[in-house]
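Undergrad: The structure under discussion is supplied below as structure tokens; questions concerning it will follow.
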Amino acid sequence: MAAMLTPPPRLTSLLFTPGSRPERFEKAVASGADGIIIDWEDAVPAADKDHVRAEVIAWLTERGRVGAPPFLTALRINSLRNAHGLADLDALNAAALPLDLVVLPKVESAAEVHQALRKLRGEVRLVCLVETVLGVRHAAEIATAAPQVAALAFGGFDLSAETGGEPTWDALLWPRTQVVHACAAAGVLALDQPCIALDDSAALTAECERVRALGFAGKLAVHPRQCAVIQAAFQPGAEQVARARRIVAAVEQAQGNVAVVDGQMIDVPMFRSAQRVLQRAGGGGAS
């Protein structure tokens with residue numbers, strides 16, 4: 001029987017850092033992110049990929065990881081549909097690095113998930129980027145491909161480039177919703193794309209609030225100063241937490257009878273929503 005995986009990690013914010021800039025790796029720990037994504041894909045030109053891959057593996061082999069747990073160390077490899085991605089997988093297999101997460105870009109099928117897992121060692125989990133038309137179409141298949149899938153991350157910029165559309169909120173609402181629904185059905189986390197407004201914390205907060213309302217559990221970041229804003233936006237407010245505690249306590253005390261909170265009858269979906277609020281707040285109890 002296969003060993004049980006540990007519970008999925010908290011992924012409210014993950015910070016992309018170019019693989020070509022190892023001097024920035026440890027600085028990511030102070031950003032407030034839940035982890036770093038060392039990027040071998042978009043941040044590295046094709047001519048530099050072999051060199052950067054070797055440099056990052058040497059860095060991680062020497063140090064083991066970036067920061068200390070619970071800070072997460074992740075790598076975004078190249079697409080498995082090109083030679084760079086296949087070389088990335090072979091290198092990770094040979095190095096046996098103690099990674100927490102491997103981020104797979106432009107995933108379009110469960111077969112790509114299985115392909116990655118055949119090479120990766122240990123208890124590494126996957127974040128699958130859904131950023132193509134086929135990826136959105138097959139989101140449910142990808143989310144349920146293996147227990148190691150921790151999250152799907154929506155990528156609207158690549159998707160818009162493929163369709164010829166604009167990466168606006170309205171244009172991306174439908175594919176975002178498809179990703180959230182696939183994640184909810186599979187019991188995995190949904191993460192949203194980075195906000196490209198690097199100097200506009202109000203715009204970032206508004207984006208976080210909109211995707212949180214859809215059901216996203218977190219958001220990717222491309223600059224350290226975005227991480228604290230993302231963490232705050234996805235953290236439930238004091239009134240929301242207090243109401244969630246009342247709901248959980250009332251249901252537990254009702255012992256199968258009807259529970260009422262603030263004049264409202266509490267049904268099973270409301271109870272589950274309250275439990276999720278408390279989990280996001282860092283405490284699942286009713287005390």
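Undergrad: When Gln178 is evaluated against the numbered criteria (1) within 17 Å of the chain's Cα centre (by Cα); (2) without any contact (Cβ under 8 Å) to a residue 40 or more places away in the chain, which criterion, by number, is the only one it fails?
TA: For Gln178, the failing item is (2).
Undergrad: What tally of residues in segment 22-58 results from selecting those that are aliphatic (A, V, I, L, M) and in contact with a Cys (Cβ under 6 Å, 6 or more places away or on another chain)?
TA: Total meeting the criteria: 1.
Undergrad: Only strands (runs of 3 or more DSSP E) wholly contained in segment 13-124 count here; list those with 1 or more residues that are surrounded by fewer than 21 Cβ atoms within 10 Å (Cβ to Cβ).
TA: Of the strands (runs of 3 or more DSSP E) lying wholly inside segment 13-124, those with at least 1 residues that are surrounded by fewer than 21 Cβ atoms within 10 Å (Cβ to Cβ) span 13-18.
Undergrad: Could you list, in sequence order, the residues of segment 137-149 that are crowded, with 22+ Cβ neighbours inside 10 Å and under 18 Å from Gln193 (Cα atoms)?
TA: Listed by number, the residues that qualify are Ala139, Ile142, Ala143, Val149.
Undergrad: Tally up the residues in segment 72-99 that are at pLDDT below 95 and more than 13 Å from Lys119 (Cβ to Cβ), please.
TA: Count: 1.
Undergrad: Any idea how many residues of segment 178-192 are in a helix (DSSP H, G or I) and closer than 19 Å to Leu11 by Cα?
TA: 8
Undergrad: If we keep just the residues of segment 212-253 that are in a helix (DSSP H, G or I) and of a type in the set (D, E, K, R), which is farthest from Ser13 (Cα to Cα)?
TA: Once the filter is applied, the top-ranked residue is Glu252.
Undergrad: Take Cys195 and tell me if it is in the same structural domain as Asp158 (by TED's automatic domain parsing), in a loop (DSSP other than H, G, I, E, B), of a type outside the set (Phe, Trp, Tyr) and on the phi < 0 side of the Ramachandran plot.
TA: Against the criterion (in the same structural domain as Asp158 (by TED's automatic domain parsing), in a loop (DSSP other than H, G, I, E, B), of a type outside the set (Phe, Trp, Tyr) and on the phi < 0 side of the Ramachandran plot), Cys195 qualifies.
Undergrad: I would also like to ask the following. Please pick out the residue among Leu198, Leu191, Leu214 that is of a type in the set (A, V, I, L, M) and touching a His at 6+ places or on another chain (Cβ under 6 Å).
TA: Every option except Leu198 fails the conditions.
Undergrad: Of the conditions (1) surrounded by fewer than 18 Cβ atoms within 10 Å (Cβ to Cβ); (2) in a helix (DSSP H, G or I); (3) not assigned by TED's automatic domain parsing to the domain that holds Ile37, Val277 fails just one. Which one is it?
TA: Unmet condition: (1).
Undergrad: Select from segment 203-231 the residues that are surrounded by fewer than 14 Cβ atoms within 10 Å (Cβ to Cβ) and in contact with a helix residue (DSSP H, G or I) (Cβ under 9 Å, 6 or more places away or on another chain) and list them in ascending order.
TA: Of everything in segment 203-231, those that are surrounded by fewer than 14 Cβ atoms within 10 Å (Cβ to Cβ) and in contact with a helix residue (DSSP H, G or I) (Cβ under 9 Å, 6 or more places away or on another chain) turn out to be Glu209, Arg225.
The values are calculated or read from the model by the stated rules, or taken from the named source; none is laboratory data. Everything numeric here is computed off the predicted structure, so don't read it as measured data. All Cβ positions, glycine included, derive from the backbone under ideal geometry; neighbour counts span all protein chains shown.
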